[in-house]
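Asker: The structure is given below, and queries will be raised subsequently.
Derivation of every value follows stated rules applied to the coordinates shown; laboratory data play no part. What you see is a predicted model; the values in this text were computed from it and never measured. Every residue, glycine as well, gets a Cβ built from its backbone with ideal geometry; the counts of neighbours run over all protein chains shown.
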Amino acid sequence: MSPPATRPAWWRDAVIYQVYPRSFADSDGDGVGDISGIRSRLPYLLDLGVDAIWINPWYPSPMADAGYDVADYRDIDPVFGTLSEAEALITDAHGHGLRVLLDIVPNHTSSAHPWFQAALAAGPGSRERRRYLFRPGRGDGPLPPNDWESVFGGPAWTRIVEPDGSPGEWYLHLFDPAQPDLNWDEPEVHAEFEAILRFWFDRGVDGFRIDVANALHKQPELPDLAGRSGHPVDEGVDDHPFWDRDTVHEVYREWRVVADSYADPRMFVAEAWVPTPDRLARYVRPDHLHSAFNFDFLATPWRADLLRLNIDEALAALAAVSAEPTWVLSNHDVVRVVSRLGVPQPNQRRWRDIELDPSSDPDLRLGTQRARAAALLLLGLPGGAYVYQGEELGLWEVLDIPEEALQDPIWERSGHTRRGRDGARVPMPWSSDGPSLGFGPDDGARPWLPQPAGYARLSVSQQDGDPDSMLELYRRALRIRREHPGLGSGPVHWRESPPGVLAFERDAGLLVVVNVEGAAAHLPNHRSVLLASGPLDGSRLPPNSAVWLGT
Ligand code: NOJ
């Protein structure tokens with residue numbers, strides 16, 4: 001067991017910017033963002049003040065799920081560029097002092113992956129089929145092997161046609177049929193993923209975000225759910241047949257050894273939606289993973305008591321295993337924070353399914369005010385923080401993408417009942433004019449998802465230098481976070497505060513006050529206001545705003 005002091009330190013309180021490559025910057029004008037685009041925007045990220053970037057999957061893929069269906073883990077999809085461009089990006093980023101994280105997708109491959117194609121050709125009982133979860137159907141074949149449903153909707157099983165043309169076995173896919181689940185009981189699967197990690201670590205990659213880290217192992221008998229919840233965050237779900245099984249942790253102990261074998265040790269962050277903070281803490285025990293997103297924070301309604309409860313529980317669970325928290329307000333899978341905080345907040349401890357339908361009509365002014373306050377809350381807490389591209393611009397969820405433009409497999413798989421996640425993935429507005437708002441060259445193809453006209457006033461060029469803009473708030477917050485010894489890792493001491501207001505002290509005299517839903521609150525004694533998310537009302541902090549005070 002390695003004591004915390006010997007762990008690599010950079011990630012413990014790093015601010016990591018999530019680059020969704022399809023939507024970040026399109027250098028070649030094909031309507032899809034690419035590696036050259038990311039390289040050209042590194043100065044922007046430096047200026048923003050982040051420590052690292054995490055890039056969503058960029059591997060060769062049929063793009064049935066925006067790249068989370070990987071056909072080759074050791075190359076780059078031509079839509080994004082080439083392997084040598086990826087290497088050049090890593091070198092450039094390191095030259096600027098930015099670390100680079102990639103996304104590893106170990107739960108499933110693409111159905112176009114050579115392993116799956118070989119499994120289809122090889123027939124039942126073969127070694128090739130054992131790498132996945134093939135089973136005969138029930139009722140002598142025509143019924144799926146069990147009652148599990150895909151996260152995207154519909155059954156989690158698809159029946160194949162055997163090489164001789166007869167109707168054959170079924171394979172498991174917790175997500176799209178184009179994403180067959182791997183069999184993590186097979187040693188070959190372990191060996192292959194360790195080799196993939198090394199492939200990228202050898203190219204200087206600093207770490208990985210692990211996709212659906214909580215799903216790799218399935219109960220070997222693949223039992224029916226028989227009425228039990230199939231949702232990963234439902235409480236009371238113990239010994240679930242596919243979510244958060246204890247054996248997944250063995251995989252991460254192996255991966256930790258790989259990461260630690262490098263002179264400059266590499267790191268992991270787990271995507272694991274689990275029911276309780278204690279279950280999350282299991283992923284970040286010593287000798288396991290370094291960090292795991294605290295999605296409870298993201299899913300907490302804008303209510304002071306719930307936010308505090310959540311923060312306390314997370315800190316306690318992580319302290320028990322000597323791990324740092326990892327905070328996040330949004331990502332490419334959930335409704336953008338401005339819109340989420342702009343609708344009436346659910347009367348429950350956490351959002352369960354974070355979806356908004358097109359008729360929800362968020363109050364974007366209120367949502368923006370709250371998102372600004374939420375940013376100072378998040379960046380004022382100890383540990384690491386992730387910023388999803390566009391969050392620093394205050395981009396809202398695009399709820400009115402025309403149906404024919406929707407790309408997320410959820411739209412089709414749900415029988416057109418759920419629009420899916422495209423509204424959070426609309427390409428970045430870099431300038432306030434031009435046909436793609438600076439996302440691509442003016443004579444290029446239209447962006448892969450249409451941008452709303454309203455994004456023009458949120459563009460980088462529009463916000464740059466405007467002291468009241470979200471972009472400048474983030475820049476100032478990240479600058480202060482770098483310089484102030486009280487921010488980043490360290491203790492949190494709650495201060496007494498009026499109802500609806502959160503106040504906590506960090507080291508070196510830094511006080512964070514967030515008026516979530518109280519009446520305008522008198523600021524505690526202080527020497528200076530380091531940063532405020534919005535205008536103060538004399539010496540009072542209005543609701544939906546936050547300050548960092550020097551005392
Ligand atoms: C989580 C990813 O973030 C999401 O975008 C993807 O659809 C699923 N995992 C399946 O890989």
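Asker: Can you give me the Cα centroid spacing of region 283-342 and region 416-436 in angstrom?
Answerer: 26
Asker: What FRET efficiency comes out for D400 versus R74 if R0 is 41 angstrom and r is the Cβ-Cβ distance? Round to the nearest 0.05. Kindly include the intermediate steps, with their values, before the conclusion.
Answerer: On the way: r = 39 Å, r/R0 = 0.96.
That pair, D400 with R74, gives E of 0.55.
Asker: Can you work out the Karplus-derived ³J(HN,Hα) for every residue in region 81-94? Use 6.51 cos²θ - 1.76 cosθ + 1.60 with θ = phi - 60°, whole Hz, and x for glycine or proline.
Answerer: Those phi angles translate into x, 10, 4, 5, 5, 5, 5, 5, 4, 4, 5, 4, 4, 4 Hz.
Asker: OK, next. Quick query: amide H of L530 versus all other amide H atoms, modeled in the peptide plane; which residues come in under 5 Å with a sequence gap of 5 or more or a different chain?
Answerer: For L530, whose amide H was placed from the backbone, the distant partners under 5 Å are W548, L549, G550.
Asker: Near the amide H of V343, under 5 Å away, which other amide H atoms are found, from residues 5 or more places off or on another chain, if H is placed in the peptide plane?
Answerer: Residues meeting the criterion, in which the H sits 1.01 Å from N, are D363.
Asker: Suppose we flag GluC sites (Glu not before Pro) only when DSSP calls them loop and at most 13 other Cβ atoms lie within 10 Å. Which is the longest uninterrupted stretch of the chain? If you can, show how the numbers build up before the last one.
Answerer: Numbers: sites that count: E221, E235, E496.
Result, exposed sites excluded: 236-495.
Asker: How far apart, in nm, are two points set 7 Å out from the Cα along the Cα-to-Cβ line at T91 and at S359?
Answerer: If labels sit at T91 and S359, their model points lie 5.7 nm apart.
Asker: Per DSSP H run of at least 4 residues, take -39500 (n - 2.57); add these up for the chain, divide by its residues and hand me the 222 nm value, nearest 500 deg cm²/dmol.
Answerer: -7000 deg cm²/dmol
Asker: Something else now. Any idea how far the Cα center of region 364-386 sits from the one of region 165-218, in Å?
Answerer: A separation of 34 Å, based on Cα centres.
Asker: A further question follows. So, counting K/R as plus one and D/E as minus one, what does the shell of residues with Cβ under 15 Å around G434 add up to? The partial results should precede the final answer.
Answerer: On the way: positive: R446, R457; negative: D26, D433, D442, D443.
Neighbourhood net charge equals -2.
Asker: Give, as a single signed number, the net charge of other residues whose beta carbon lies under 10 Å from the beta carbon of V516, with Lys and Arg counted +1 and Asp and Glu -1. The partial results should precede the final answer.
Answerer: Details: positive: R303, R308, R370; negative: D305, E517.
That works out to +1.
Asker: Another one. Kindly identify region 452-551 as rounded, prolate or oblate by the Cα gyration tensor criterion: order the square roots of the eigenvalues as a ≥ b ≥ c, call it rounded if a/c is under 1.5, otherwise compare a/b with b/c, prolate if a/b is larger, else oblate. It would help to have the intermediate numbers written out before the result.
Answerer: Values: a/c = 2.28, a/b = 1.45, b/c = 1.57.
Oblate, because a/c is 1.5 or more while a/b does not exceed b/c.
Asker: Give the long-range amide H neighbours of F208: residues separated by 5 or more places, or on another chain, with amide H under 5 Å away, using H modelled in the peptide plane at 1.01 Å from N.
Answerer: For F208, whose amide H was placed from the backbone, the distant partners under 5 Å are L102, M267, F268, V269.
Asker: From the phi of every residue in region 207-224, what ³J(HN,Hα) in whole Hz does the Karplus formula 6.51 cos²θ - 1.76 cosθ + 1.60 yield, where θ is phi - 60° and glycine or proline is x?
Answerer: Along region 207-224, the couplings run x, 9, 8, 9, 5, 5, 4, 9, 10, 4, 9, 10, 4, x, 7, 6, x, 4 Hz.
Asker: I need to check one value: relative contact order of region 74-164, counting alpha carbon pairs closer than 8 Å and at least 6 residues apart, in percent.
Answerer: Values: 59 pairs, mean separation 13.2, N = 91.
This gives 15 percent for region 74-164.
Asker: Further question on the same structure: Considering only the other residues whose Cβ falls under 9 Å of the Cβ of N214, what net charge follows from Lys and Arg at +1 and Asp and Glu at -1? Before the final figure, lay out the partial values.
Answerer: Values: positive: R245, R279; negative: D244, E271.
Residues near N214 contribute 0 overall.
Asker: May I ask you to evaluate 6.51 cos²θ - 1.76 cosθ + 1.60, the Karplus curve with θ = phi - 60°, for each residue of region 424-430 and list the ³J(HN,Hα) values in order in whole Hz, giving x for glycine and proline?
Answerer: After applying 6.51 cos²θ - 1.76 cosθ + 1.60, I find 9, 10, 5, x, 4, x, 8 Hz.
Asker: Using the per-residue mean of other Cβ atoms lying within 10 Å as a proxy for protection, in what order, highest first, do the peptides 30-37, 413-420 fall?
Answerer: Details: 30-37: 22.1, 413-420: 15.4.
In decreasing order of mean packing, 30-37, 413-420 become 30-37, 413-420.
Asker: If contacts are Cα pairs under 8 angstrom and at least 6 residues apart, what is the relative contact order of the chain in percent? Provide the component values of the computation, followed by the final result.
Answerer: On the way: 1178 pairs, mean separation 73.9, N = 551.
Normalised by residue count, the contact order of the chain is 13 percent.
Asker: Taking every DSSP beta bridge with both residues inside the chain, roughly what % is antiparallel (nearest 5)?
Answerer: 55
Asker: Taking 8 Å as the Cα distance limit and 6 or more residues as the minimum spacing, I'd like the relative contact order of region 114-172 as a percentage. Spell out each step's value before the answer.
Answerer: Values: 90 pairs, mean separation 18.2, N = 59.
Rounded, it is 31 percent for region 114-172.
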